[in-house]
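**Q** Below: one structure in structure tokens.
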Amino acid sequence: MGADVERVTRPRRLAVLVAGVLLLAALPAAAARADSVDDARAEAQAAAARVEALRPRVEKALAAYDRALTGLASGVSRSISAEQAADEAARLAAADRRSANTRLRGLYMSGGSSALIASVFGASTATDAFRRVAYVQRLVHTGATGAAASAETSAGLAARADALQVAAEASTTTAADVQRRYQELTAALAAAGAELTRLSDRARSLAEAQAAAAQIAALNAAVAASGEARVATARASDVLPADYRHLYVTAARTCRGMSWALLAAIGQVESGHGANTSSSYAGAQGPMQFMPSTFASYGIDGDGDGDIDIHDPADAVFSAAHYLCANGAGRNAESTARAVWHYNHADWYVALVLKLAGQYADRGAG
């Protein structure tokens, strides 16, 4: 019987021993899995914290981008006010000269100052003489006061026009301003996104990482919404300088199918029709903001003076027409949009230029 018991219990002991070995083998794996989950959660939490720390930087960059795009899309710069003030000053000065000439002519036709004095002595009564003296005084006083006031107002407006023009050159928002802010913003967003791309698959699937990813997606959506909103409110400039209008119209004729309005829209976006031609942070120059390397390949002598100058308005506008035409502008709507994208690789830029171009086209070439 002992042998029988031994035969029965030995397999049982063996089974228990195997089970124990399997259990012991399984315990480190379970512990490893637990450690892996905990490590992944800590990894995800740390990444989410870094994303949260980056959020103020992203939001600040987004606000700066939005302000720059708002200034560009408005289509109104101080240069317009400066031009209006200068025109008003010139108008008042001309009116002052006309008024003075009229008074002098009237005085001369009436016999001059001696005639005025004679009219006083010709009074029939003392009361009439005093009335005539008062009339002469009012005539002289009104003329002198009016001339002084007109001259003072004209001079004040002229000074204001000069000050506004100086301010305009420094304040006109251009595409380069927006592009710089946009790149700062995308760099900040990329830094936040990079925190998540470095996570393991397990960490990336955890709630902490998912929340951080949703936060980054929301910021990206805000960037797109800002661009769409500003483009929707964009308005073509009410004041288009006559010399630039002429250049846009004549340059567009060098490319079959191209509208002058496309060049006008780019001219407004790039420099406010020459109001701000300072070099961009990336090195673009002139009223149409060409990179020197691009201008070297597509530059045109627009005014026929034998010189091709990136800063010369005629050369810049005709070169822009040449560059756009080479990239498909004027063939159809799709190729024109693609040509604008080649001018500046940004979706907001294409949308804004095409919006303004449509508004200029509705006004006609004049």
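The values are calculated or read from the model by the stated rules, or taken from the named source; none is laboratory data. Note that this is a predicted model, so its numbers are computed, not measured. Positions of Cβ are generated from backbone atoms using ideal geometry, with glycine treated the same way; all protein chains shown enter the neighbour counts. We work out accessible area using only protein heavy atoms, side chains counted, and drop any ligands, DNA or RNA first. Shrake-Rupley method; radii C 1.70, N 1.55, O 1.52, S 1.80 Å.
**Q** Within segment 217-237, which residues are in contact with a Lys or Arg (Cβ under 9 Å, 6 or more places away or on another chain) and open to solvent by less than 50 Å² (accessible area, probe 1.4 Å)?
**A** The answer is LEU219, VAL231, ALA234, ALA236.
**Q** Kindly indicate whether any position in segment 333-352 is open to solvent by 60 Å² or more (accessible area, probe 1.4 Å), at pLDDT 95 or above, assigned to a helix (DSSP H, G or I) and among the basic types (Lys, Arg). So that I can check it myself, show each step before the final result.
**A** Quick first cut of segment 333-352, residues open to solvent by 60 Å² or more (accessible area, probe 1.4 Å) only: 333-334, 338, 341-342, 345, 347.
Filter again for at pLDDT 95 or above, leaving 333-334, 338, 341-342.
Now narrow it down to the ones that are assigned to a helix (DSSP H, G or I): 333-334, 338, 341-342.
Next cut, among the basic types (Lys, Arg) only: 338.
Yes - at least one qualifying residue is present in segment 333-352.
**Q** Additional query: Restricting to segment 294-314, give me the number of residues that are under 24 Å from THR173 (Cβ atoms) and either among the hydrophobic types (A, V, I, L, M, F, W, C) or assigned to a helix (DSSP H, G or I) (or both). Walk me through it before giving the result.
**A** Start the filter on segment 294-314 by keeping residues that are under 24 Å from THR173 (Cβ atoms), which leaves 294-295, 310-313.
After this cut, where a residue has to be either among the hydrophobic types (A, V, I, L, M, F, W, C) or assigned to a helix (DSSP H, G or I) (or both) as well, the list is 294-295, 310, 313.
Result for segment 294-314: 4.
**Q** Confirm whether GLY304 is more than 21 Å from the chain's Cα centre (by Cα), farther than 23 Å from ALA234 by Cα and among the small types (Gly, Ala, Ser).
**A** Taking the combined requirement at face value, the residue satisfies it.
**Q** Any residue that is open to solvent by less than 20 Å² (accessible area, probe 1.4 Å), farther than 30 Å from ARG50 by Cβ and among the polar types (S, T, N, Q) - is there at least one of those in segment 238-260?
**A** There is no residue in segment 238-260 that is open to solvent by less than 20 Å² (accessible area, probe 1.4 Å), farther than 30 Å from ARG50 by Cβ and among the polar types (S, T, N, Q).
**Q** Scan segment 261-293 residue by residue and report those that are in a helix (DSSP H, G or I) and either open to solvent by less than 20 Å² (accessible area, probe 1.4 Å) or in contact with a Phe, Trp or Tyr (Cβ under 7 Å, 6 or more places away or on another chain) (or both). Break it down into steps so the answer makes sense when it comes.
**A** To start, the set of residues in segment 261-293 that are in a helix (DSSP H, G or I) comprises 261-271, 292-293.
If the condition is that a residue be in a helix (DSSP H, G or I) and either open to solvent by less than 20 Å² (accessible area, probe 1.4 Å) or in contact with a Phe, Trp or Tyr (Cβ under 7 Å, 6 or more places away or on another chain) (or both), then ALA261, LEU262, LEU263, ALA264, ALA265, ILE266, GLY267, GLN268, VAL269, GLU270, SER271 are the ones that fit.
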